[in-house]
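The numbers here are math on the coordinates, done by the rules we state, and not lab data. Fair warning: this is a prediction, and the values are worked out from it, not measured in the lab. Cβ placement follows ideal geometry from the backbone for every residue including glycine, while neighbour counts extend to all protein chains displayed.
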Number of protein chains: 2
Amino acid sequence: MLKKYLLAPGPTPIPPEVLSAMSMPIIHHRSTDFIPVLESAKKGLQWLYQTKNDVLILCSTGTGGMVGAVNNFFSPNDKVLVINGGNFGERWTKICQAYGLQVQEIAVEWGYTVKPEAVEEALKKSPDIKGVFVQASETSTGVYHDIQTLSEIVKKRDNTIFIVDAISALAAHDLRTDKWGIDIMVGGSQKGLMLPPGLAFVSISEKAWKMADNAKLPRFYFNFKKEREALAKNQTNFTSAVTLIIGLNESIKLLQKEGLENVIKRHENLANITRQAIKAIGLELYSKESPSNAVTAILAPEGIDGQAIYKTLKDKYGITAAGGQGKAKGKIFRIAHLGYADIFDIIIAISGIEMVLAEMGFPLKLGRGVAMVEKLLLLRSS
Amino acid sequence: MLKKYLLAPGPTPIPPEVLSAMSMPIIHHRSTDFIPVLESAKKGLQWLYQTKNDVLILCSTGTGGMVGAVNNFFSPNDKVLVINGGNFGERWTKICQAYGLQVQEIAVEWGYTVKPEAVEEALKKSPDIKGVFVQASETSTGVYHDIQTLSEIVKKRDNTIFIVDAISALAAHDLRTDKWGIDIMVGGSQKGLMLPPGLAFVSISEKAWKMADNAKLPRFYFNFKKEREALAKNQTNFTSAVTLIIGLNESIKLLQKEGLENVIKRHENLANITRQAIKAIGLELYSKESPSNAVTAILAPEGIDGQAIYKTLKDKYGITAAGGQGKAKGKIFRIAHLGYADIFDIIIAISGIEMVLAEMGFPLKLGRGVAMVEKLLLLRSS
């Protein structure tokens, strides 16, 4: 018997309350049974997003939300700015290019965060840039971009909207949609919301809705105006992913019980403890600046393959962490502390890493990382 | 207490085996735990689709599969032929127009099936038509279009592909993808496959893949070539809807145990018995020709609102059937016999209809419809 531990940056473990709610007999999406469920989920998302704006609920992965954030607001040849500091930054570029936009990139070295001045300068040089795209937490590098400062820069411009992929950051970082002026923010179900994959969420500001009026890119499945009309009636444009939305309601209930501030603080603490423990083992973080609260990216030691660490954790210890993506593949491995995660998930991760690395010949003192976790937890609660 | 009965044409009831499998702790979509699950689902879909071709698994509603069937195979201004005999025929037109195709329609009166000669003639007159779009079962009217004959007509043409929306027909009708030469067939999870909404399936012939090489419509989320590459490795291009695909495996297991021929025969029998019982009550079918095995559309009697019948069935008896869609709204109501359905679902539906209509003042003899169900079942089993 090998017990399974899921510590990947999505899907993340699903709380039993949520699994149980989702295993009830299904109901019809246009019926009076479901309307109140969707209404409650809609309000819950506004709470989580810290917004009074619409938060659309789409039946797709997070990437579908990203596509909708492009094809509902722009026209062919529009100029946009993409902050590309990892695999998901690259995805923004690819989506924009697939739809015929002119993409200007700010290439950020993997493991580093974008310099807000670079964005300010790019916008000054090209006043025709209509959208600025970024990740909040770049899952591939474990870096958080400073969304507040970036929002403030873009907010000053009347004809530019700020689009944030918060798929892995939602619930893990404090993202003040309305206060900061984030125009479009994309979330996904299988991350901080502790649900199976299959839902994307997109908040949209009035400034963005105005841009949508002149947007000429083709769209049908991800048609946000139609979704907005449906949402006003507590429905979705096409068939609702009923089961997942029922689960969403339960997840939000759990988060609300904990309180948004506490939820974010928990992620912050777990991330911080993980980083200290990783250093105590003698490992180096891959994220050189502004590490994410959702996932910790760790450099594999000299001479050890990051994918081999991932694979051994999985095969020998039942721990599903994550390897590297794109050009970081082989160089790093990643541990998520996202969603339904507490201190013993970190203990398991650190303990597993210690054993795997010891077996691979990396010189370490067994238990030193775990001791650091315990020490920091005791300090915090004393 | 009001027990709930789901008799809508999607979502349909989910078997307990499937609910139970889906409520297990989630696993990671790129892990060795999940690869065999996806491989098995892939093979199961090929069995259900009666095809050796790829059947893609998308995280979206069925409509997403329909969009992909357009944007992966055509270029702006391509001419296509849409057989439009209901709400979902109209959807093909709307999708094609949203992507800038030139749509020629064969308008079929609602409740009737398309005349194959009309398609043959249209193709002769316009040799530049690149695709013919149709529904197998048009859910809004309860009509089945003759897919075999239509396939044979389109198959003769080298530069035209045949695209079938089989979302509500899959598992309810015998659809021989390879034998008949259906180029693209779209399915959805929440119908005959007895799953929650959230998955679309698309089979693609070699003829269609060749057309895809020259297709210039923009695409990113529904990118079938990328999905094909991922599927070859038993993965999906973006995050897999893990939970639903685990359920899909269980559903297919149940269908395989019953046998495809028996599954289709069961749907055929239930549909036939429903129609006879409806006539025995003194009601008229809305489908004047070639009624669907998936759903029966019934004309509301003179002076009675179809939506009121739907609403009373739901509110008073806990039976979720369906009203009318589009221009049939108010005129009809619909009863599905799709997926996890047996004879007592029909008994419940007919009994509920008898009571609701009696209360609404329609002259009928209570029990006559139910008696017809029983009589036909006894005949069949003797």
For A:LEU2, inter-copy label-point distances (7 Å, Cα→Cβ), nm, shortest first, read 5.1
So, R0 is 25 Å and r is the distance between the beta-carbons of A:ALA107 and A:ALA308; what FRET efficiency does that work out to, to 0.05? 0.30
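What's the local net charge at A:ASP128, with K and R +1, D and E -1, over the other residues with C-beta under 9 Å away?
It works out to a net charge of +1.
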Using a Gaussian network model on chain A with a 10 Å cutoff between Cα atoms, which of A:SER205, A:SER137, A:SER20 fluctuates the most? A:SER20
What do you get for Rg/Rh over the range A:265-307 if you use C-alpha atoms and the Kirkwood form of Rh? 0.99
Dipole magnitude of the protein assembly as shown about its Cα centre, charges +1 at Lys/Arg Cβ and -1 at Asp/Glu Cβ only, in debye to the nearest 20? 20
Nearest 10 degrees is fine. How inclined is helix A:242-258 to the longest principal axis of chain A, computing both from alpha carbons? 60
Could you tell me what a quarter of the Cα convex hull surface of the range B:121-193 works out to, in nm² with one decimal place? 5.0
Let me spell out the model: positive unit charges on the Cβ of Lys and Arg, negative unit charges on the Cβ of Asp and Glu, origin at the Cα centre of chain A. What dipole size does that give, in debye rounded to 20? 260
Which of A:PHE222, A:LEU244, A:SER137, positive extreme of dipole for the range A:16-257 (C-beta unit charges): A:PHE222
If I take the rotation axis that carries chain B onto chain A, which residue of chain B has the nearest beta-carbon, and at how many angstrom? B:SER23, 2
Given a cut-off of under 8 Å on Cα pairs at least six residues apart, what relative contact order in percent is computed for the range A:76-116? 49
When the Karplus curve 6.51 cos²θ - 1.76 cosθ + 1.60 is applied with θ = phi - 60°, which whole-Hz ³J(HN,Hα) does each residue of the range A:165-172 get, with x for Gly and Pro? 7, 10, 4, 9, 8, 4, 6, 9
Give, as a single signed number, the net charge of other residues whose beta carbon lies under 10 Å from the beta carbon of A:ASP78, with Lys and Arg counted +1 and Asp and Glu -1. +2
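Order these by the 10 Å Cβ neighbour count, fewest first: A:HIS173, B:HIS28.
If I rank by nearby Cβ atoms, fewest first, I get A:HIS173, B:HIS28.
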Mind listing the long-range amide H neighbours of B:ILE319? Cut-off is under 5 Å, sequence gap 5 or more, other chains count too, H placed in the peptide plane at 1.01 Å from N. B:TYR5, B:LYS314
Euclidean distance of C-alpha centroids, the range B:354-376 and the range A:61-118, integer Å: 61
Sorted from fewest to most neighbouring beta carbons within 10 Å, what does the list A:LEU338, A:LEU2, B:LEU376 look like? A:LEU2, B:LEU376, A:LEU338
Against the longest principal axis of chain B, how steep is helix B:62-71, in degrees 0 to 90 to the nearest 10, with axes from Cα atoms? 30
Scaled radius of gyration (Cα, divided by 2.2 N^0.38 Å) that the range B:16-257 gives: 0.98
Taking the label point as lying 7 angstrom from Cα along the Cα-to-Cβ axis, what are the distances from A:SER126 to the corresponding position in the remaining copies, in ascending order and in nanometres? 4.0
Label-point separation, B:ARG157 to A:THR32 (7 Å along Cα→Cβ), nm: 4.9
Cα extents of the range A:189-272 per principal axis, largest first, Å, are 44, 29, 21
Overall dimensions of the range B:94-148 by Cα: Rg and Dmax, Å: 12.1, 31
Greater than 28 Å separation of Cα atoms is the criterion. Which listed pairs, B:LYS115/B:LYS216; A:LYS52/B:LYS331; B:LYS156/B:LYS210; A:LYS191/B:LYS94; A:LYS124/A:LYS216, meet it? B:LYS115/B:LYS216; A:LYS52/B:LYS331; A:LYS191/B:LYS94
Taking one equal scatterer on every alpha-carbon of the protein assembly as shown, how large is log10 of I(q)/I(0) by Debye at q = 0.05, 0.10, 0.11 1/Å? -0.26, -1.01, -1.19
If we count every other residue with Cβ under 12 angstrom of B:GLY369's Cβ, Lys/Arg +1 and Asp/Glu -1, where does the sum land? +3
Given the candidates A:HIS337, A:SER351, A:LEU378, the one whose Cα lies deepest towards the positive end of the charge dipole of the range A:332-382, counting +1 at each Lys or Arg C-beta and -1 at each Asp or Glu C-beta, is A:LEU378
Pick out which of A:ASP174, A:ASP54, A:ASP128 has the largest mean-square fluctuation in a Gaussian network model of chain A, springs linking Cα atoms closer than 10 Å. A:ASP128
Using only Cα atoms, tell me the angle between helix A:260-281 and the longest principal axis of chain A; keep it within 0 to 90° and round to the nearest 10. 40
Convert each backbone phi in the range B:45-52 into a coupling constant with the Karplus relation 6.51 cos²θ - 1.76 cosθ + 1.60 (shift: θ = phi - 60°), then list the ³J(HN,Hα) values in order as whole Hz, x for Gly and Pro. 5, 4, 4, 5, 7, 6, 9, 9
Do you know the relative contact order of the range B:16-257, to the nearest whole percent, from alpha carbon pairs under 8 angstrom that are 6+ apart? 31
Taking the Cβ of each residue in B:MET372, B:MET194 as the centre, tally the other Cβ atoms inside 10 Å and list the residues starting with the fewest. B:MET372, B:MET194
Place the label 7 angstrom along Cα→C-beta at A:GLN102 and in each other copy, then list the distances from the first to the rest in nm, shortest first. 3.1
Among B:GLN276, B:PHE34, B:GLN256, which residue has its Cα furthest toward the positive end of the charge dipole of chain B, with +1 on Lys/Arg Cβ and -1 on Asp/Glu Cβ? B:PHE34
